[in-house]
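Some notes on the structure that comes next.
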Amino acid sequence: MIITEMLSYGFMQRALVGGSLIAILCSVLGVFLVLRRLSLIGDGLAHVTFGSVALALLFRLQSVYMTLAIIPVVLASSMGILQLAQKARIYGDAAIGIVSAIGIATGVMLASVAGGFNVDLFSYLFGNILSISSSELVIAALLFVIVIACVVMFYNELFASTFDEDLAKSSGIDTERINTVLVLMTALTVVLAMKVVGIMLISALLIIPAVSALQIAKGFKSAIVTAAVIGVVTVICGISLSFVMNLPSGATIVLINFAVLLATFGGRALRGHK
Amino acid sequence: MKDKALSVQNLCAGYHGSEALQDVCFSVNRGDYLGICGPNGSGKSTLVKVILGLLAPTSGEVSLLGTPKSSFQRWDRIGYLPQGLQFFNPHFPATVDEVIRLGRLSAKKFPRRFSREDAAAVDRTMEWMGISNIRGSMIGELSGGLRQRVLLARALVNDPELLVLDEPTTALDPETRESFYKLTFEMNRERKSTVLLVTHDTATIGKYASHLLYLDKKVIFYGDFEDFCNSSEMTGFFGEHGQHLVCHRH
């Protein structure tokens with residue numbers, strides 16, 4: 001009964017579809033990022049997104065225009081992290097930390113210039129997938145197609161570079177190009193994920209479904225598919241639970257993901273004792 | 001030049017200003033089995049990295065299978081086995097056949113898709129190496145010796161003409177090490193692959209290799225074992241006992 005009522009609302013339909021698409025992107029890319037120890041790149045790019053949102057709010061850009069304005073800034077920042085890590089002899093985590101701090105500092109500075117924090121900025125910090133508009137859903141679907149097409153086209157090269165970068169290079173794979181593709185895809189996904197769980201929790205959506213899948217997967221392809229399934233199921237459950245119990249959707253999704261992680265961890269431990 | 005598997009001319013290379021290789025020259029004929037030895041920090045792994053294109057040299061020329069390295073594209077003709085994986089994660093979710101199949105990527109152009117031929121090549125290699133029974137096992141759940149065997153299968157899956165092995169037995173127990181050497185010896189004899197083996201194990205390599213390159217940033221010795229054993233210069237360098245150990249022509 002509740003399900004029928006829930007599905008009768010346009011905003012719920014959009015939230016469930018948009019949330020599922022974004023969950024698939026986050027979970028699939030998450031597997032590559034976690035295995036390459038780049039988990040926190042999502043966090044760093046999310047902080048850049050915070051700065052970009054503040055900039056967009058300063059210019060009074062809203063909804064889909066804001067998303068379109070943020071994308072190039074976050075893409076450029078993701079390239080900045082890569083360049084810092086590759087050319088400036090700075091470790092990847094330090095590069096992420098630097099870009100992340102610049103993002104937050106810019107955001108705070110701009111918000112201050114604009115006359116202080118307001119409700120808009122707060123909603124971007126914690127996300128609200130229930131407010132996703134039709135045009136935002138179209139953008140999400142378009143970016144979903146682009147990112148998934150990239151993953152499919154570069155799948156074997158991504159797998160090889162993730163397994164061992166030197167071995168991949170010795171097979172003639174241009175690992176620098178593959179790293180660029182991965183980071184750019186992550187940047188696009190982070191911009192979308194902001195709507196689902198908010199800037200503060202984006203890294204959870206990238207990391208937790210992937211880590212849960214890695215507990216139980218029996219092969220690389222199986223890890224990717226399992227992560228995507230866990231991502232979609234937890235986002236759908238989270239959105240539904242937040243609707244029924246009037247809870248914040250982003251936080252609900254993250255906590256459900258944590259419960260799944262505990263379950264998979266327990267499952268692995270039990271299997272190990274057999 | 002055409003019949004050379006590898007040619008290195010006046011090669012200098014290093015990291016951040018310090019030179020690890022100074023004016024290194026040698027060439028390897030097809031079908032040779034070359035043991036590359038030298039003390040720690042002598043530039044053995046740097047040489048391998050330059051040969052494989054993982055490190056750009058500061059000066060000098062490298063030719064692979066008759067082609068200058070700058071225009072070399074046929075990485076499927078070269079198999080590479082490192083000492084171990086760079087940052088091996090024991091929880092990496094890949095099965096043995098997934099890992100071996102990765103070796104087939106070097107022969108492919110974008111978008112690098114696998115075909116039935118690739119599956120058949122993986123099956124053939126696993127059978128030859130006697131590891132078909134573990135094809136579905138996770139790579140992280142294998143012992144060190146078995147994991148190196150799987151990575152050797154990955155290097156061999158294209159039937160490479162040149163096989164580069166960088167200290168592949170360092171982490172293995174003596175028994176596994178011996179069977180590993182035998183396998184590379186068979187590769188060299190039966191499949192006529194040229195083998196380049198970097199090793200610390202100077203006392204064993206003479207049993208299998210046809211030629212020796214002894215490096216200490218520069219080439220100290222390059223030639224066959226017969227020459228090494230008869231070289232009074234090497235007696236002076238290693239001492240009689242040391243030379244006899246490396247010779248391994250008891």
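The values are calculated or read from the model by the stated rules, or taken from the named source; none is laboratory data. Nothing here was measured: the structure is a model prediction, and the numbers come from that model. So basically every Cβ, Gly included, is an ideal-geometry build from the backbone, and we count neighbours across all protein chains shown. What goes into the accessible areas is simple: the full protein's heavy atoms, side chains included, and nothing from ligands, DNA or RNA. Shrake-Rupley method; radii C 1.70, N 1.55, O 1.52, S 1.80 Å.
General observations
- A simple spin-label model places the labels of B:GLU190 and B:SER143 2.2 nm from each other, with each point 7 Å out along Cα-to-Cβ.
- DSSP-assigned coil residues among chymotrypsin sites (Phe, Trp or Tyr not before Pro) in region B:8-103, each with at most 15 further Cβ atoms within 10 Å: B:PHE87, B:PHE88
- Virtual paramagnetic centre 7 Å along Cα→Cβ of B:TRP128, amide N under 15 Å, in region B:64-83: B:76-81
- Region B:49-163 - convex hull of alpha carbons, volume per residue in Å³: 120 Å³
- Applying 1/(1 + (r/R0)^6) with R0 = 25 Å to the Cβ-Cβ distance of A:VAL233 and B:PHE88 gives a FRET efficiency near 0.20.
- Span-rule helices in chain A, defined as complete DSSP H runs reaching 24 Å or more along the axis (Cα) with Kyte mean at least 1.0: A:10-35, A:41-58, A:63-87, A:92-113, A:134-153, A:175-197, A:220-245, A:249-273
- Charged neighbours of A:GLY18, selected by a Cβ distance under 9 Å, balance to +1 (K, R count +1; D, E count -1).
- If you sort A:LEU38, A:LEU121 by accessible surface, 1.4 Å probe, largest first, the order is A:LEU38, A:LEU121.
- Residues with amide H under 5 Å from that of B:GLY60, placed H, sequence gap 5 or more: B:CYS12
- Net charge of the neighbourhood of B:ARG30, taken over other residues with C-beta under 9 Å away and scored Lys/Arg +1, Asp/Glu -1, is -1.
- In range of the label at A:ARG60: residues from region A:72-114 whose backbone nitrogen is under 19 Å from the point 7 Å along Cα→Cβ: A:110-114
- The alpha carbons of chain A give a radius of gyration and a Dmax of 18.6, 61 Å, in that order.
- Backbone geometry of region B:35-45 corresponds, through the Karplus equation with coefficients 6.51, -1.76 and 1.60 at θ = phi - 60°, to 3J(HN,Hα) couplings of x, 10, 10, x, x, 4, x, 8, x, 4, 5 Hz, x marking Gly and Pro.
- Largest first and in whole Å, the equivalent-ellipsoid semi-axes of region B:184-250 read 22, 13, 10, each the square root of five times a Cα gyration tensor eigenvalue.
- Rg then Dmax, both in Å and based on the Cα atoms of chain B: 18.3, 57.
- Hypothetical label at A:VAL17: residues of region A:49-74 whose amide nitrogen lies under 12 Å (7 Å Cα-Cβ projection): none
- With both labels modelled 7 Å from their Cα along Cα-to-Cβ, the A:SER123 to A:ASP174 distance reads 4.2 nm.
- By the Cβ distance rule (another cysteine Cβ under 4.7 Å), the unpaired cysteines of chain B are B:CYS12, B:CYS25, B:CYS37.
- The angle between the Cα long axis of helix B:174-190 and the longest principal axis of the Cα atoms of chain B comes to about 90 degrees, rounded to the nearest 10.
- Per-residue shielding of A:157-169, expressed as the average number of other chain Cβ atoms within 10 Å of the residue Cβ, stands at 6.
- Extension gain from A:ARG268 to A:VAL244, taking 0.36 nm per residue of separation minus the Cα-Cα distance: 5.5 nm
- Relative packing of B:161-173, A:145-157, which averages over residues the other C-beta atoms within 10 Å, highest first: B:161-173, A:145-157
- In this structure, the amide hydrogen of B:ILE220, modeled 1.01 Å from its nitrogen in the peptide plane, lies closer than 5 angstrom to those of B:TYR214, B:LEU215, counting only residues at least 5 positions away or on a different chain.
- Over 31 Å (Cα to Cα) - which of B:LYS109/B:LYS182; B:LYS69/B:LYS192; A:LYS221/B:LYS4; A:LYS195/B:LYS109; A:LYS221/B:LYS192; B:LYS44/B:LYS182 fall in this group: B:LYS109/B:LYS182; A:LYS221/B:LYS4; A:LYS195/B:LYS109; A:LYS221/B:LYS192
- Cα Rg over Rh - the protein assembly as shown, Kirkwood: 1.07
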